[in-house]
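Have a look at the structure below before the remarks.
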Amino acid sequence: MSGFGKVYLIGAGPGDPGLLTLRGKEIIEKADVVVYDRLVSPAILGFCNPKAKMVDVGKMPTHHKVKQSEINKLLVQFAGEFPGGVIARLKGGDPFVFGRGGEEALELVAAGVEFEVVPGITSAISVPAYAGIPVSHRGIATSFHIITGHEKVDERVCHPESKAKDPGQNLSLDFDALAHCPGTLIFLMGIANMDFIAKRLMDCGKDPKTPLAFIEKGTTPYQRTVMATLETAAETLVRENVTAPAITIMGGVVELGKSLAWKKNLPLSGKRLVVTRAAKQASGISARLTALGAEVIETPMIETKTLDCPLIACHPESKTKDPDQNCFADFNSLVNFDILAFTSTNGVESFFRQLLASGRDIRELAGKNIASVGKITEKKLLEYGIRCDYVPEDHTGEGLGRLLRDVVNKEERVILSGERSSESKDLIESRILLLQGNLADDTLLKLLPQATRWVVYETLPVAELPEWKREAVESADAIVFASTSAVENFCSVILSGERSSESKDLNRESLTTPASCSPRLAFCIGRMTESAARKHGFETVTSDETTMDSLVKKIVEHYKKES
Ligand code: SAH
């Protein structure tokens, strides 16, 4: 092995995370360093190894952009700092299509650093495809040409035969050849120079009526197609305020976009939503919001960890409180319980993991009654082949506590077998086992003081957000909160990040509350979450029921009303 790590020049595709290649994903999941560009979407950065050093070399527009020569040097430097490591150079589209990947590769070769190219889906072809425009079509276009609409003076390629000699423009394209080319013309980075490009093409004989389309932020939830012709291109651009990144495509194929535009404008198109659930739980709601057109930034505020073995929680009000009781639970004692109550999907998963690890299986639960706080936990239990006997109508901890109290009070036969019918309420209640996380509040224990609680998982707050995620969060339209702890952690993480970036960057506006810098709108599950969010200055929209379905419905309704 050389004393270097290996550098991967990876194309991240045009924006839609689904267009990242399998190979690209595989590398960034294990990379030690990720050097990424501005056009790489946050959803793709979310696939990166959470421990990777993330280096943004494309900060725009307020921060200065790292020069290409510096990027080249950085790659060699990181390869030296991580011998045997993986350095991912992540670029928008394809690394070798106006991506300057070739220059980086040359520098790596010169330094003796091993590298691999992972091609990406170029925006030049995929963005038109997402707008329903095939770049070639039988009988319309037999070739297509990808052209840069922007060059720096020192980057110009000399075309001795070019008639384009406007010294005011940083473009050395052979407009004469382009104007006479019958194929589809696709300009990247051409928005700023479009006036000039269109004029030069027409001067050189290209038909002013040539159909043309601008496709802005293609393949992302913000995609927009604006149709024009060569002669109306410049005015359309200004009138419609087309902004980068955008592609300009010219030729007869553009007309096909009128009948083939397949990408629907969805209810949440153009909305960036932050989902603050733990990664595993987030995927359900994230997938639903994404399917509705939103860009979702998954930002878990807590991480949950299954304990190796359940702990018996200290009973705050128990008469039988034993100071040494905060110890490992014994699965043999499961026989003493008639009702097992779960208050989260994490609780379910952790409990069954521990049960299996102890060498047992679900037969240990034979004959027991199972209670769940709500529908999501109930569904999770079904995955383990278990139906719930008790689910409170209001899906709250308090509701569950009251429901189980009723069961105890009525001395129902579900708990009491004939011979035990004379048992006291306390004894019946002591046959209830609560399976919860370390941060579960005491609501259930207060209502059921004789019950036993096993702590099956612990919840750790996320201490800080990586810079790229903070930026994505700050530019979002709203935050989705499913618990009070998510609200509290979010606010403290955002505030602590502000403090550290303020000390780094004195020009940054000084901010006192997280809600003043990040989105002010919070979509909440449950009234408790709502009041925590309000306390921190968020405007809130709260689901009618404490289910994700209800929340998603509410989010869609909110934006429908707004538009
Ligand atoms: N290597 C990239 C191109 C980099 S040049 C690729 O293969 O796609 C950057 C230009 O690409 C932008 O100015 C814009 O013209 C185009 N581009 C990249 N992503 C785009 C997107 N999602 N929508 C529209 N244009 C895009």
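Restricting attention to segment 230-269, the residues that are assigned to a loop (DSSP other than H, G, I, E, B) and within 14 Å of the ligand (Cβ to nearest atom) add up to 5. Among residues of segment 104-123 that are farther than 30 Å from THR220 by Cβ, none has a Cβ under 8 angstrom from a residue that is within 14 Å of the ligand (Cβ to nearest atom) and assigned to a loop (DSSP other than H, G, I, E, B) at a sequence gap of 6+ or on a separate chain. Are any residues in segment 5-25 in contact (Cβ under 8 Å) with a residue 24 or more places away in the chain, more than 11 Å from the ligand (Cβ to nearest atom), over 21 Å from GLU103 (Cβ atoms) and touching a Phe, Trp or Tyr at 6+ places or on another chain (Cβ under 8 Å), and if so, which ones? Residues satisfying the conditions are PRO17, LEU20.
The set of residues in segment 106-125 that are open to solvent by less than 10 Å² (accessible area, probe 1.4 Å) and in a helix (DSSP H, G or I) comprises LEU108, ALA124. The set of residues in segment 424-444 that are in contact (Cβ under 8 Å) with a residue 60 or more places away in the chain and charged (D, E, K, R) comprises ARG431, ASP442.
As for segment 268-284, it holds no residue that is within 12 Å of VAL552 (Cα to Cα), modelled with pLDDT of 90 or more and open to solvent by 30 Å² or more (accessible area, probe 1.4 Å). When every residue of segment 37-53 is checked against the conditions, at least one turns out to be touching a Phe, Trp or Tyr at 6+ places or on another chain (Cβ under 8 Å), under 19 Å from GLU298 (Cβ atoms) and surrounded by 16 or more Cβ atoms within 10 Å (Cβ to Cβ). The selection criterion, being more than 18 Å from the chain's Cα centre (by Cα), open to solvent by 30 Å² or more (accessible area, probe 1.4 Å) and within 25 Å of GLY18 (Cα to Cα), does not hold for ASN241.
With respect to ALA192, is the statement that it is within 14 Å of ILE133 (Cα to Cα) and out of contact with any Leu (no Cβ under 7 Å at 6 or more places or on another chain) true? Answer is no for this residue. The residues listed here are ILE370, ILE362; of these, the one that is at negative phi and modelled with pLDDT of 95 or more is ILE370. Among the residues of segment 197-222, the one identified as of a type outside the set (Asp, Glu), touching a strand residue (DSSP E or B) at 6+ places or on another chain (Cβ under 6 Å), without any contact (Cβ under 8 Å) to a residue 40 or more places away in the chain and within 16 Å of the ligand (Cβ to nearest atom) is PHE214.
When segment 159-188 is limited to residues that are modelled with pLDDT under 95 and of a type in the set (A, V, I, L, M), the one that is nearest to the chain's Cα centre (by Cα) turns out to be LEU171.
Among (1) more than 16 Å from the ligand (Cβ to nearest atom); (2) at positive phi, which single condition is LEU75 missing? So LEU75 meets the others, but not (2). Annotation: ALA463 fulfils all but one of (1) under 24 Å from the mean Cα position of the chain (by Cα); (2) open to solvent by less than 30 Å² (accessible area, probe 1.4 Å); (3) of a type outside the set (Asp, Glu); the unmet one is (2). Residues in segment 350-395 that are of a type in the set (D, E, K, R), open to solvent by less than 80 Å² (accessible area, probe 1.4 Å) and under 20 Å from CYS309 (Cα atoms): ARG360, ASP361, GLU364. Listed conditions (1) open to solvent by 50 Å² or more (accessible area, probe 1.4 Å); (2) in contact with a strand residue (DSSP E or B) (Cβ under 8 Å, 6 or more places away or on another chain) are all met by SER259, apart from (2).
The set of residues in segment 531-561 being over 20 Å from ARG272 (Cα atoms) and either open to solvent by 20 Å² or more (accessible area, probe 1.4 Å) or without any contact (Cβ under 8 Å) to a residue 60 or more places away in the chain (or both) consists of SER531, ALA532, ARG534, LYS535, HIS536, ASP544, GLU545, THR546. Count of segment 76-97 residues, restricted to those that are touching a residue at least 24 places away in the same chain (Cβ under 8 Å) and among the polar types (S, T, N, Q), is 0.
Out of curiosity, is ARG100 free of Cβ contacts under 8 Å to residues at least 60 places away in the same chain, open to solvent by 70 Å² or more (accessible area, probe 1.4 Å) and touching a helix residue (DSSP H, G or I) at 6+ places or on another chain (Cβ under 7 Å)? Yes; evaluated as a whole, the condition is true for this residue.
Here VAL66 fulfils each of the conditions (1) within 9 Å of the ligand (Cβ to nearest atom); (2) on the phi < 0 side of the Ramachandran plot; (3) assigned to a loop (DSSP other than H, G, I, E, B) apart from (1).
Pairs meeting the criteria (first residue in segment 223-242 and of a type in the set (Asp, Glu), second residue away from the ligand (no atom under 15 Å from the Cβ) and assigned to a strand (DSSP E or B), beta carbons under 9 Å, at least 6 apart or on different chains) are GLU235/ALA228; GLU240/ALA228.
The values are calculated or read from the model by the stated rules, or taken from the named source; none is laboratory data. Here the structure is a predicted model, which is why all the values come from computation and not from measurement. Note that each Cβ is placed from the backbone with ideal geometry, even for glycine, and that neighbours are counted across all protein chains shown. Surface accessibility is based on the protein's heavy atoms, side chains included, excluding ligands, DNA and RNA. Shrake-Rupley method; radii C 1.70, N 1.55, O 1.52, S 1.80 Å.
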